[in-house]
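Worksheet: the structure to be examined is printed underneath.
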Amino acid sequence: MKRYRNGEIWDFEAMDTRREVILGLDGGTTSTVCICMPVISMSDPLPDPLPILARAVAGCTNHNSVGEDAARETLEQVMADALSKSGSSRSAVRAVCLAVSGVNHPTDQQRILNWLREIFPSHVRLYVHNDAVAALACGTMGKLHGCVLIAGTGTIAYGFTEDGREARAAGAGPILGDWGRGGISGSGFMKFDFILGGYGIAAQALTAVIRAYDGRGPHTMLTSNILRTLDLSSPDELIGWTYADPSWARIAALVPVVVSCAEAGDEVANRILLDSVQELALSVKAVVQRLVYAVKHGWDGIKPNGTDSFPLVMVGGVLEANKMWDIGKEVINFISKEYSGAFPIRPKVEPAVGAALLAWNSFMKESNKEAHKR
């Protein structure tokens, strides 16, 4: 067990405890949350609320955004903070699940697993996933089965069969598909084929404002509402505002303006939201179709007739049901036409808790298997 780069952050471990704990971590491009919870007996029902011992928060841990060294330093710090707040140590940890954005390939997983092995004792079970997996687990209470749709700043759809086969769609970022490519529809509106997530919706709204200003697109109340929100006087100023800081979250913050314009009857805003609904639903369908293909070839999971019940976990601000123009509800309606067995779940716990429950589930199952072999 090494101290890696930040030896001083583990100095608290002199106060060792015998209480066995689980660490669950949800690491994203904006922030990272680590949860410490006690090991719960699998023979008992999960308590409500769950006994969370500590919660720690840090910044970005996506290695594609901040680099591998910075990501690892932040991951180690936030895990140490959670253990310190809970009065625990690494020796008390039984399982760790890191669900981190940017983990998109087995080589990413293996790199992080090798690094974790340097930090934690050999008895600790280690699991590494994409952060979408934690989002699924927070809706299914740690079980990997069904599909999750995340639509926040960006978007991704991820799914699992019951025997562990997985599939994903979208989630490649704005350059590779999360915001859109366009052409002119018969009605004169811009038609975008890949409008996904908050960034995509807002980016298309900004484009619509510029098109209307140039005379290439129809008039839209998005112009006055966005300019008022940003305290700008002319669409010309949008160019400087956008490129001064084209960060995803800054652009995505304009989604409520698009929704309010759509609710007020603006055709351009409505079309942007309708296209986003279709593309979000198609992301889920792409995942489900791959899982159905898996079933047809002998794997357990979602049934080919589309009526078998499976969870559809809905996560992210774009999907929240707090507006008249309910994007999440429309996505569900779109999916249900083909997969009537999909039942939506809006999680009651955060993804970091889902990661902890996933670690707990995996740890308990593996421990039981080993016990039976003895």
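The values are calculated or read from the model by the stated rules, or taken from the named source; none is laboratory data. Note that the structure is a prediction, hence the values are computed from the model and not measured. When we count neighbours, we look across all protein chains shown, and the Cβ atoms used for this are built from the backbone with ideal geometry, even at glycine.
Points worth noting:
- Contacts under 7 angstrom Cβ, first residue in segment 149-169 being of a type in the set (K, R), partner part of a strand (DSSP E or B), 6 or more apart: R168/I156; R168/A157; R168/Y158
- The one condition from (1) assigned by TED's automatic domain parsing to the domain that holds I112; (2) in contact with a Leu (Cβ under 7 Å, 6 or more places away or on another chain) that F160 does not meet is (1).
- The set of residues in segment 329-356 being more than 16 Å from the chain's Cα centre (by Cα) and touching a residue at least 60 places away in the same chain (Cβ under 8 Å) consists of V331, A342.
- Output for segment 135-167, where each listed residue is out of contact with any Asp or Glu (no Cβ under 7 Å at 6 or more places or on another chain) and of a type in the set (G, A, S): A135, A137, G139, G142, G146, A151, G152, A157, G164, A167
- Residues of segment 336-363 classified as over 30 Å from Q278 (Cα atoms) and surrounded by fewer than 19 Cβ atoms within 10 Å (Cβ to Cβ), total: 1
- Conditions (1) over 24 Å from E320 (Cβ atoms); (2) modelled with pLDDT of 85 or more; (3) part of a helix (DSSP H, G or I): number failed by V133: (1)
- Qualifying residue in segment 108-120 (condition: at pLDDT 90 or above, out of contact with any Cys (no Cβ under 8 Å at 6 or more places or on another chain) and part of a loop (DSSP other than H, G, I, E, B)): yes
- Odd one out for P38 among (1) under 23 Å from R111 (Cβ atoms); (2) touching an Asp or Glu at 6+ places or on another chain (Cβ under 8 Å): (1)
- Selection of segment 306-338 for residues being of a type in the set (D, E), at pLDDT 80 or above and in contact with a Gly (Cβ under 8 Å, 6 or more places away or on another chain) yields only E338.
- Every condition in (1) under 20 Å from the mean Cα position of the chain (by Cα); (2) surrounded by 15 or more Cβ atoms within 10 Å (Cβ to Cβ); (3) modelled with pLDDT of 80 or more holds for T242 except the one numbered (1).
- Out of V268, V284, V258, V277, one residue alone is buried (at least 19 other Cβ atoms within 10 Å of the Cβ), assigned to a helix (DSSP H, G or I) and in contact with a strand residue (DSSP E or B) (Cβ under 6 Å, 6 or more places away or on another chain). It is V284.
- Listed by position, the strands (runs of 3 or more DSSP E) contained in segment 19-67 that have at least 3 residues being surrounded by 24 or more Cβ atoms within 10 Å (Cβ to Cβ) are 21-27, 32-38.
- Tally of residues being surrounded by fewer than 24 Cβ atoms within 10 Å (Cβ to Cβ) and either at pLDDT 80 or above or out of contact with any strand residue (DSSP E or B) (no Cβ under 8 Å at 6 or more places or on another chain) (or both) across segment 143-167: 10
- Residue within segment 81-99 that is assigned to a strand (DSSP E or B) and of a type outside the set (A, V, I, L, M, F, W, C) present: yes
- Within segment 245-256, residues that are in contact (Cβ under 8 Å) with a residue 60 or more places away in the chain sit with their Cβ atoms under 6 Å from residues that are in a helix (DSSP H, G or I) and not polar (S, T, N, Q), at 6+ positions apart or across chains, in these pairs: W248/Y199; A252/G198; A252/Y199; A252/A202; V255/G198; V255/I201; V255/A202.
- When residues of segment 261-286 are limited to those that are over 15 Å from V331 (Cβ atoms) and charged (D, E, K, R), the one modelled with the lowest pLDDT: E263
- Set V93, V78: member being assigned by TED's automatic domain parsing to the domain that holds I119, within 17 Å of R117 (Cβ to Cβ), of a type in the set (V, I, T) and crowded, with 19+ Cβ neighbours inside 10 Å: V93
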